[in-house]
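Participant: Got a structure for you, questions after.
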Amino acid sequence: MKRLLVTWLPALIVLAGCGVSLNSGPDISLLPADYELNLLIADPEQAEQVLDTFTDHHWPIIASHSISLRWHSVTGKTLAKRYADKLNQRGLSRDQIHLSQRLEPLENNADLQISTSAYIVISPICQPTTVGKLNWQANVGCFTEGLRWKSMTSPEKAVSEK
């Protein structure tokens with residue numbers, strides 16, 4: 001038994017040191033970003049101007065995703081329905097506008113809450129590949145950076161022709 005252990009143990013140690021590291025795929029993360037505004041309505045005209053400012057600032061997100069209007073009071077309901085019609089006239093479909101009533105009070109006892117969500121893509125910062133150290137790096141090259149460069153230099157080659 002001792003002889004078997006003396007024979008195979010060095011071989012196992014040598015073979016364990018020769019492991020091959022494979023490059024994994026890109027580590028891309030999607031993080032939700034929520035944009036929200038709570039309004040306490042004292043003057044409906046001024047509240048609508050604040051809503052206009054919010055939607056103008058976040059319009060690219062609202063136009064490509066959706067928007068939610070939640071009310072807690074009668075004043076909030078009136079403004080939410082009127083503003084939903086205004087958003088519909090601006091180009092949003094009714095499917096992108098979500099109206100709902102909140103039974104529990106909103107933050108800071110607000111009458112109306114408007115919110116939208118988007119996803120932010122986070123990709124790793126790519127370290128440049130250095131000649132002579134290829135075997136020392138676990139992650140050689142960067143998939144996402146390579147695709148970005150390929151799409152800028154020759155976009156027709158970035159899309160497969162299958």
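Participant: Rg(Cα) of the stretch 31-121 divided by 2.2 N^0.38 Å?
Facilitator: Ratio of Rg to 2.2 N^0.38 Å for the stretch 31-121: 1.02.
Participant: In nm, give the distance between the simple-model label positions of Ser93 and Asn38, each being 7 Å from the Cα along the Cα-to-Cβ direction.
Facilitator: For the pair Ser93/Asn38, the computed spacing is 3.3 nm.
Participant: Which net charge results for the neighbourhood of Asn38, defined as the other residues with beta-carbon distances under 9 angstrom from its beta-carbon, given Lys and Arg at +1 and Asp and Glu at -1? Show your work: numbers first, answer last.
Facilitator: Details: positive: none; negative: Glu36, Glu107, Asp111.
Around Asn38, the surrounding residues sum to -3.
FYI, it's all coordinate maths here, none of it is from the lab. Quick caveat: nothing in here was measured; it's all calculated off a predicted structure. Quick reminder, even Gly has a Cβ in these numbers, built from the backbone with ideal geometry, and neighbours come from all protein chains shown.
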